[in-house]
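These notes are about the structure you will find just below.
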Number of protein chains: 2
Amino acid sequence: MAAEQDPEARAAARPLLTDLYQATMALGYWRAGRARDAAEFELFFRRCPFGGAFALAAGLRDCVRFLRAFRLRDADVQFLASVLPPDTDPAFFEHLRALDCSEVTVRALPEGSLAFPGVPLLQVSGPLLVVQLLETPLLCLVSYASLVATNAARLRLIAGPEKRLLEMGLRRAQGPDGGLTASTYSYLGGFDSSSNVLAGQLRGVPVAGTLAHSFVTSFSGSEVPPDPMLAPAAGEGPGVDLAAKAQVWLEQVCAHLGLGVQEPHPGERAAFVAYALAFPRAFQGLLDTYSVWRSGLPNFLAVALALGELGYRAVGVRLDSGDLLQQAQEIRKVFRAAAAQFQVPWLESVLIVVSNNIDEEALARLAQELVAVGGQPRMKLTEDPEKQTLPGSKAAFRLLGSDGSPLMDMLQLAEEPVPQAGQELRVWPPGAQEPCTVRPAQLCEPLPSLAESRALAQLSLSRLSPEHRRLRSPAQYQVVLSERLQALVNSLCAGQSP
Amino acid sequence: MAAEQDPEARAAARPLLTDLYQATMALGYWRAGRARDAAEFELFFRRCPFGGAFALAAGLRDCVRFLRAFRLRDADVQFLASVLPPDTDPAFFEHLRALDCSEVTVRALPEGSLAFPGVPLLQVSGPLLVVQLLETPLLCLVSYASLVATNAARLRLIAGPEKRLLEMGLRRAQGPDGGLTASTYSYLGGFDSSSNVLAGQLRGVPVAGTLAHSFVTSFSGSEVPPDPMLAPAAGEGPGVDLAAKAQVWLEQVCAHLGLGVQEPHPGERAAFVAYALAFPRAFQGLLDTYSVWRSGLPNFLAVALALGELGYRAVGVRLDSGDLLQQAQEIRKVFRAAAAQFQVPWLESVLIVVSNNIDEEALARLAQELVAVGGQPRMKLTEDPEKQTLPGSKAAFRLLGSDGSPLMDMLQLAEEPVPQAGQELRVWPPGAQEPCTVRPAQLCEPLPSLAESRALAQLSLSRLSPEHRRLRSPAQYQVVLSERLQALVNSLCAGQSP
């Protein structure tokens, strides 16, 4: 982490990141004498995204940071004054200047926990005017973060716990912060690392990355490095000209693979040597710039074997095009044969990393075969988290079965007594004619670190029963109402007000 | 605009908003003695998004701002040192500390101009190491901006030049900056305004908005405003109790509509009165909180007619659910009948605004009938702007027909002489066996303001011929190669290097 007081603060949303109708409504409330009325809003999903039966709650840390810092500066108030009617009472703007969130209360699902349709991820209560101004930025901070984390969790479920998942979607992100948010919450949802350096600096996400095709194509093979010598890994003995050593190995590799020694591209080999000189302990070859079989693979083997002579182990190779699975399987065979041929057993198990628009389907196919997978999360915005249907201030409880897996969530009115484990409860599934009975447990935790939230996400997912965890056509997880909440709904449907 | 030195600067990307592989490659180049080699990269779309035949170039202003401010601070360099190998030569980090973009040159399509597949939106040249670090942030800044602007331009083409289009997607955006970028470039692409206040403050986008359902539901009807009196619009004469006046009008309206006076929800009416007291010159009713026909519409009419008595004109109504087109048509009929009944001709033409997930198809249906439309841009990320195929540093020229509409774009090598209007050129469509001949013109403009870019976008679109402007199954706009560029491609395909 960088040596800043609060490095994440720079990524926070600002008070005017809100819809103008929130400000006009604020003026309406103020004019009606209702600015300080008690109010609450809730944020939840109506449907789980991506056709699954669960979502992960995320974004709470950003909300808390935003709320702590919430203050309208003079420039903010002046801007609002410029877009509201010119005869607006100046006392309204004085009210805005004095606003903060000291009277706002937030209750939330713990960062990284499971969320189900209708269960509030966030409940925000406080004076009506300020709560209204907070609604849009909090929605903006929670909705996308939860969606990204859910997507990442699905990819993690497909990949299994052992595969390494690297997110590298920054260049296609929705602007700078869209990328920062996506990288952060992909990590929370289960990815191992991100290529996004800023996410590392500001959020502590592990960063990873090696080289791209442009690095390979930038070398012609005629370049002369200022210092071609590489010292042995153990640090003792004389340095070796790595390019010359790789050239010697190339002849053996080509003979082994049945290739002419002129076939592998000399620029690609020069690029690999240059990269290996800079990263002798982390050498990775990008194989598909020219031809995987006639150039990338023999060049990688030549440089990796030259490094190996000096005591360095190449980390792996990456494929970024074509049939990733088939190529990876064949490359593994080549590695095994070359390991035997050249008596370097470590070569058998170097990583094969694949990338290039890996979606759930492609990942499922790959996950059976490969050791490391670099995916790019793909987002579909299908949920609708902003509309409220259930009345009143509510509390949510997660009810666990005897094996510890969540059975259902129950919503009740905030003033109802807290349910106790082992106690039988009558609850109402939505739309049901009759209540059913269950036994509850509950969950409440303080705001953890990003890495802790990531661990909680995996723990929560591991406890979800297989039929709810299934990504295609899952059994729908039930969210039910308490008797009193159901009665309130019934009374509201029958009449106009409670 | 707020009284800041450069209010947009706060929205700018930061130097570490890049992929780690750009930094590792930078180290590789530096170790190979190539940090200051001359380099160039280009950014273009491979396919036009959304199935159309054009895109709008956007994001250049953000790129220029980013490049001007580009400097790695101590904390940035320290963070990079923490994720690169511990034995990295300290001289590399000294090199990073001294980097800026003073030797970087950017050529670009003017902000808001038409872009076609393969034609570079941006060409960045300069020292290899710094150009590599810039690639990801510039892609991030241009790709999404251009996509949003293109989407907005398509919706504008569907709506026609007269309809008002309001963007209000912030709450579903990809994080805070995703929302800011979307609002800014929706405006550039042709929308009239945004609900996003920050886009107004930082980017000068016109902001608009009134009230949401939560405002309506927050009133029960029993509230007593501290000051229920409203002065006449002309500013002379005594004030009137607006709520009482609206109650009188309600009886007439209900009689006219054949409704019982108890049917319209009193809380909704109280909310309308509260809003009208705050915005007497900008009163708009949100009709669908309870029932459009039995509550929203009569309550709106009662308050609008009460305001009218005081000399104020209601601005309009908004619908946010249901069959928007059918309801809007029927509401227009009610307005006409009420205008005749109560002898208030202005009521005939108050705005009917609709919102709720309006995509291209829904907009096409609505655009035939309505006066104002509030849409939410929907994004599909289908383009692939990052991979390069054509070799060499290139220049692009737009060739216009005799009627001024673009015929095709031509790519040539940067060192080729600039084509002249009226001069016959031999050019190569991609994949063609034979060249064809055309006559060129050209386009080059300095960086304009956001509003000027928005005007340029509309002007550019108006010049595009109808078969290219068509949104479904358009004729593909051709991008062709000059003879010399084609020859270079041929030579590269034949051999390994030029």
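Laboratory data are not the source of any read-out in this text; all were calculated from the coordinates shown. Please read all numbers here as calculations on a predicted model, not as lab measurements. Here the Cβ is made from the backbone with ideal geometry for all residues, glycine too, and neighbour counts use every protein chain on show.
Summary table
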quantity: Folded to 0 to 90 degrees: helix B:483-494 orientation relative to chain B principal axis, Cα; calculated: 70
quantity: 0 to 90° range, to nearest 10: angle between helix A:128-159 axis and chain A longest Cα axis; calculated: 40
quantity: Distant-in-sequence amide H partners of A:LEU464 (H built 1.01 Å from N, under 5 Å); calculated: none
quantity: Two-site FRET efficiency, A:ASP241 against A:ARG164, from Cβ-Cβ distance with R₀ of 41 Å, rounded to 0.05; calculated: 0.75
quantity: Ranked packing of B:285-292, B:307-314, A:459-466, most packed first, by mean Cβ within 10 Å; calculated: B:285-292, B:307-314, A:459-466
quantity: Spacing of the two label points (7 Å from each Cα toward its C-beta) at B:GLU434 and A:LYS333, in nm; calculated: 4.7
quantity: Cα coordinate range in the protein assembly as shown, projected on the principal axes (Å, largest first); calculated: 98, 83, 46
quantity: Sites B:SER222 and B:TRP293, calculated FRET efficiency, Cβ-Cβ separation with R0 22 Å, nearest 0.05; calculated: 0.35
quantity: Under 28 Å between alpha carbons - lysine pairs in the protein assembly as shown that sit 8 or more apart or on different chains; calculated: 11
quantity: Helix axis angle, A:324-341 relative to chain A longest principal axis, alpha carbon, degrees; calculated: 40
quantity: Average other protein chain Cβ within 10 Å of Cβ, residues B:37-43; calculated: 1
quantity: Backbone HN-Hα couplings from phi across the stretch A:307-316 [Karplus 6.51/-1.76/1.60, Hz, Gly and Pro as x]; calculated: 4, x, 4, 8, x, 9, 9, 4, 7, x
quantity: Distance between the stretch B:318-369 and the stretch B:277-300 - C-alpha centres, whole angstrom; calculated: 13
quantity: Chain A, Cα convex hull volume normalised per residue, Å³; calculated: 184
quantity: Relative contact order (%) - criterion: Cα under 8 Å, at least six apart; region: chain A; calculated: 17
quantity: Long-range amide H partners of B:LEU286 with built H, under 5 Å; calculated: B:ARG318
quantity: Rough spin-label spacing in nm, given labels placed 7 Å along Cα→Cβ, for A:ASP403 and A:ALA255; calculated: 6.0
quantity: FRET efficiency, 1/(1 + (r/R0)^6) with R0 30 Å, evaluated for B:ALA91 and B:ARG68 via beta carbons; calculated: 0.65
quantity: Rg(Cα) / (2.2 N^0.38 Å) computed for the stretch B:239-349, rounded to two decimals; calculated: 0.95
quantity: Averaged over B:195-204, number of beta-carbon atoms from partner chains that fall within 10 Å; calculated: 6
quantity: B:GLU415-A:GLU103 pseudo-label distance in nm [points 7 Å out on the Cα-to-Cβ vector]; calculated: 7.3
